[in-house]
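The values are calculated or read from the model by the stated rules, or taken from the named source; none is laboratory data. Bear in mind that the values here come from a model prediction, so they are computed numbers and not experimental data. Here the Cβ positions follow ideal geometry from the backbone for every residue, glycine too, while neighbour counts run over all protein chains shown. Ligands, DNA and RNA are excluded from the accessible area calculation, which covers all protein heavy atoms including side chains. Shrake-Rupley method; radii C 1.70, N 1.55, O 1.52, S 1.80 Å.
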Amino acid sequence: MNLVDLQQYIADEERAEEYLRSQGILRTYDRCPWCASTSIGRIRRTKIRCYSCRKEWGPRKGSILEGTRVPFTRFLTALKLFELDTSVREAARQLDLAYNTVYGLFHLFRRAIAATDTERFSLSGEIEMDESYFGGRRKGKRGRGAAGKIPVFGILERGGKVRVEVVRDVQGETLLEMAIRKVKRGSLVYTDKFRSYNGLVTYGFRHRRIDHGIRFVNGKVYINGIEGFWSFAKERLMKYHGVRPGKFPFYLKELEFRYNHRNRDIYDDVVKCLSEYSLVAPIE
Ligand SMILES: [Zn+2]
């Protein structure tokens, strides 16, 4: 959705509502959500009434927008600003909304992405696996076992997508378990010499180890792809100056999503996530 197309949907609240409804982000009831009577009708533009039990509800009922009063037009505009990677502060200024309101919207987008885009594809072919550490203000100990940092495991299909996840540790068991879930057996896996990758062959993967000292000598044996993702992710997370640890997995999923959709129109892709998330999200 480019700005010219978006302009049509945000021309007024009614059109924005219609768009959100057509995408399944707002719920349409054909019967009363309380008593299931089909005898319902619109009494004002923003209210529907059940003629059996006399309850009334608004257009946000039962949707992920129930907890917010942000106008639909601004919701759609906020999504455009999120797509364009605008900071919350700047987006709040552009939308004339409070910082916390916009922060809440952006986090809703992240939650929708994390909830719906993660489990649907597996990786195959030539695969790179690596772990990295995020967070922690002090430089301190580097690499494996860095105290106070969040370990993240990454799997990248060359020329394809990446999957990253916060892991409780970088033990062989933990990493292999994720590898088994996300990568097709028989794939050729490149890792460095870390011992946690020792079991890959046992589980049906072909495995090549990279010696960082000689990696440029033997042609294709490198893990530059996943290392490229780590620098992409770390550079971007710098901008957020200290993401709260509880929120970190959502930021990580956003980065995975942005990386995997780097050649696509992510506005429409996030709309799809929101639409699917509407079906499963806990309503606040
Ligand atoms: Zn009713």
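Structure notes:
- Its DSSP H runs of at least 4 residues, each contributing -39,500 (n - 2.57), put the calculated 222 nm mean residue ellipticity of the chain at -12000 deg cm²/dmol, to the nearest 500.
- Among 107-114, 82-89, 7-14, the order from most to least packed when residues are scored by Cβ within 10 Å on average: 107-114, 82-89, 7-14
- In plain terms, the chain from V201 to K247 could stretch by 13.1 nm, reckoned as 0.36 nm per residue minus the Cα-Cα distance.
- Share antiparallel - DSSP beta bridges, the chain, percent rounded to 5: 70
- Cut-off 14 Å between beta-carbons: net charge of the residues surrounding V4, Lys and Arg +1, Asp and Glu -1: -1
- When the Cα positions of F75, T46, I113 are compared along the charge dipole of the chain, I113 comes out farthest toward the positive end, with charges on each C-beta of Lys, Arg, Asp and Glu.
- Contact order normalised by residue count of segment 16-74, Cα under 8 Å, 6+ apart, percent: 31
- Within the chain, helices built from complete DSSP H runs that reach 20 Å or longer along their own axis (Cα positions) and carry a mean Kyte-Doolittle hydropathy of -0.5 or higher are 99-116, 224-238, 266-280.
- Length-normalised contact order of the chain in % [C-alpha pairs under 8 Å, at least 6 apart]: 20
- For segment 1-72, a crude dipole built from +1 on the beta carbon of Lys and Arg and -1 on the beta carbon of Asp and Glu, taken about the Cα centre, is about 500 debye to the nearest 20.
- Accessible-area composition of the chain, carbon plus sulfur, in percent [1.4 Å probe]: 49
- Counting Lys and Arg as +1 and Asp and Glu as -1 over every other residue whose Cβ lies under 12 Å from the Cβ of A91, the net charge comes to 0.
- Among the listed pairs K149/K253; K182/K247; K247/K272; K80/K234; K80/K247, those beyond 19 Å (Cα-Cα): K182/K247; K247/K272; K80/K234; K80/K247
- Candidates L123, L97, L26, ranked by Gaussian network fluctuation over the chain, Cα under 10 Å, top entry: L97
- Cys with no candidate disulfide partner in the chain (beta-carbon separation under 4.7 Å rule): C273
- The listed peptides 35-45, 125-135, ordered by packing as a protection proxy, come out as 125-135, 35-45 (highest mean of other Cβ atoms within 10 Å first).
- Dipole magnitude of the chain, debye to nearest 20 (Cβ charges: Lys/Arg +1, Asp/Glu -1, about Cα centre): 700
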